[in-house]
Amino acid sequence: MEVLVFLIPVALALGALGLVAFLWSLRSGQYDDLDGAKWRILNDDDVAAEREPQDNDPT
Amino acid sequence: MTTQTRDWAAFAVPTPDGGCRLELAVEGITCAACIGDIERGIGRMPGIRSARLNYTTRRLAVDWTVDASDPTRIVTTLERLGYRAHPFDPGRRSAEEEAETRRLLRAMAVAGFAAMNVMLFSVSIWAGNATDITGETRDLFHWLSAFIALPAAAYAGQPFFESAGRALRALRTNMDVPISIGIVGTLALSLWQTARGEPEAYFDSAVMLLFFLLLGRFLDQNMRRRTRSVAENVAALRAETAARVAPDGTVREVPLSKVDPGDRVLVRPGERVSVDGVVETGASDIDQSLVTGETNHVGVGPGDRVYAGTLNITGALTVQVTAATEGTLLAEVNRLLEAAAQAKSSYMRLADRVARLYAPVVHTAALATFLGWIALGTDWRHALVIAVSVLIITCPCALALAIPAVQVVASGQLFRRGVLLHAGDAIERLAAADVVAFDKTGTLTLPEPAILDADRIDPAVLAAAGRLALSSRHPLGMALARAARADRPLPSATERPGEGVEAMVDGELEQLGSAQFCGADEWAVAALLARHPEASMVAYRRGNRPPVLFAFDQGLRPDAIDVVADLRAAGLKLEIISGDRPGPVAAIAEKLGIADALAGQHPADKIARLEALHQQGHKVLMVGDGLNDAPALAAAHVSLSPVTAVHLSQASADALFLGNRLRPVYDAIRTARAAKGAMVQNLWIAVIYNVIAVPLAVAGYVTPLIAALAMSGSSIIVTVNALRLRWGDAGAPQPPASQPPIPDRLRRLADAEAA
């Protein structure tokens, strides 16, 4: 039963980690646009920015 | 209206770090590629710190540094990319509900975490009780559970504690009172048991209950937020702004919240009047159908009064804004609205009605148990333990889930059918309705005029006239363009305000406008009017050929006749209460076969009629869209409004429906009746559970295992019963997305081609 002494803190810490991760994702607005998120993975802006030179001022 | 004349800065909100932030409803987002186009296009502009498009709500949030850029350029860039943007009126946005949703979500996360981890210990204890757990290990687990459950409940239970506190201070009781007492009682008893080293504690039940309740609340809140967001977008797309004339004569487009009495505003032909006021200069015809229901146009000139929500048809007007003093139409409507809303607040929700009965019974039973055991000579501490376990076993877990679970399922079904609920309790009231009162204009009929005798018109003429009509801002011109499905405007077209549009095509002059403008024969006009006495008309002429007349009417919604028949078959009594003249009202009533049709009703008359029906014991569902309907919508037992309705009517209606069809009205009633049935069943399940469990608890036979099984068992039954509503509903139609009205899209194409 001595194993409980560190297993319980480990279990609780893992749970708390999940909670903190959720609260962080909520705070950083990851739940604001659930429909958009699934499309954004197709967006390769970050790659394109390196390849193609920036346009001039669009106006 | 060009973007240059709109005072975009008035819509921007300063951010704490010295920048500016603008939120825009963006039209024309059809696919995921638009996200990249818009964000990249705006992001490349100098001075833009961030541009983020929310695909769910179709809103774009732009942050920029004040000096480096200005909102006008953001909007012109968007327009160049092919998207039309409409700003939100900052005076109208409410951040509170957003914060409330986040708070519920946080509380739910904490309760969920606590419930899972406390359950971990509880299962170990239950398993240990059956085998060989030592008393010390059990105590350790109980203390650890307490260590997790107490702070979690203190945080996550706040929404319930606050609501219960408010109710008690007002000397009322609601559902949250027994919930709060149950949770606090459970935790206190468990702590007491743990301190004494007893084998039972109920931390798991308390936090599990909290988690389920928060889940129900969150889903309910989400439903309301979804409705509001669609309604806000529609309001922004309709650009509820005013063109304010500055003392130096310049015209700037500003949000309505920045217009003060005494200001002068310009109302161009084809625009809605956005304020109450007196005409200073100019003359025009005004369509008041949205305000009074009256479909005939009214001529106005200097000194005449115009009302917010009416449509300016022919000429430009300068209007002096009047204060909303007593006697103006809007003030009258507002006054009636307040009175009506107050009358309705006496309605009590099913759950609260049950709670009012339930709470005293439970509390009396617990007290009687305590006194009874003492009278039998038991130790007072043991008697207290049994009394509290009565409270726990009756803790309204199933009862609290009974209503919200059904509401969430039913509102999801309604959403798929194009009905957006403002309030969860609207379902109960919809189910109770036995009379449906319709407004006519814009409710039974389409909000926009539609072309008559379309099959008699030469398609080539219609197509040519439609192309020319694309350049017109007149409502009939826009309707013609829509009927012709025109999409390429003529580049040479010019608008002659108050008369029509004209263009040179292949060396011939094309004209579209009033019969006079095109030189149409009087007898032809008279013949058309004889056929369609209520019609408005537009004439089209090409070169020297004889002019062609197009007649328009606000036609019935395409499925109105079927839906009315279905409603009648469902046992509902139907009525029309309209502000329009008797002629058109009688015509519509005859077409639909509705015997009770009242015409020429003012807002106060409409309320009086609803009151009379109420006196006869009827529960009335009011369906209406106009400003003149707003008080009636608030006064009716329950109300529906099309999403094209004026803002005030939307706000006073219990639910909105989307699209051109009337079918959602029938769907709403049918779904609500099924949902009400499931709610009542759920309440009975909860009652039966209590009838079985309470005597056992009073007798002192309830062990924690029985309590846990009984509680979760009843919750699961109730939830499954709610989900049953969805069976056989898989093929329900998808909701029409928040599509912009077609004329706006056409106008965007027209602008793009002109640029």
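The values are calculated or read from the model by the stated rules, or taken from the named source; none is laboratory data. Just so you know, these numbers come straight off a predicted model, no measurement behind them. Neighbour counts run over all protein chains shown; Cβ positions are idealised from the backbone, glycine included. These area figures cover heavy atoms from the full protein model, side chains too; ligands, DNA and RNA do not enter into them. Shrake-Rupley method; radii C 1.70, N 1.55, O 1.52, S 1.80 Å.
Worth pointing out:
- Average partner coverage of B:24-37, which counts Cβ from other chains inside 10 Å: 2
- The A-B contact accounts for approximately 2400 Å² of buried accessible area, totalled over both chains at a 1.4 Å probe radius.
- Among the listed pairs B:Lys440/B:Lys573; B:Lys573/B:Lys606; B:Lys591/B:Lys676; B:Lys591/B:Lys619, those beyond 21 Å (Cα-Cα): B:Lys591/B:Lys676; B:Lys591/B:Lys619
- For the pair the range B:500-517 / the range B:545-564, the C-alpha centres are spaced 24 Å from each other.
- 10 Å beta-carbon shell around B:Ala645, net charge (K/R +1, D/E -1): -3
- Per-residue SASA remark: B:Arg268, around 50 Å² accessible (1.4 Å probe; ligands, DNA and RNA not included).
- Sequence-distant contacts, meaning Cα pairs under 8 Å at least 6 residues apart, place the relative contact order of the range B:1-87 at 37 percent.
- Counts of other chain beta carbons within 10 angstrom of each beta carbon in peptide B:603-615 average 0.
- In this structure the amide hydrogen of B:Gln554, modeled in the peptide plane, comes within under 5 Å of the amide hydrogens of B:Ala450, none closer than 5 places in sequence on its chain.
- In order along the range B:47-52, phi translates into HN-Hα couplings of x, 7, 8, 7, 9, 10 Hz, rounded to whole numbers, per the Karplus curve 6.51 cos²θ - 1.76 cosθ + 1.60 with θ = phi - 60° and x for Gly and Pro.
- Distance from the range B:604-629 to the range B:109-126 (C-alpha centre basis), Å: 52 Å
- Tensor-based shape of the range B:450-553 (alpha-carbon gyration tensor, a/c under 1.5 rounded, otherwise prolate or oblate): prolate
- Average other protein chain Cβ within 10 Å of Cβ, residues A:31-42: 5
- Packing order of peptides B:693-700, B:73-80, B:452-459, highest average first: B:73-80, B:693-700, B:452-459 (average count of other Cβ atoms within 10 Å over each peptide's residues).
- Whichever lysines have a C-alpha closer than 20 Å to that of B:Lys258, once near sequence neighbours (fewer than 8 apart) are set aside: none
- Whether the range B:527-609 is rounded, prolate or oblate, judged on the alpha carbon gyration tensor where a/c under 1.5 counts as rounded: prolate
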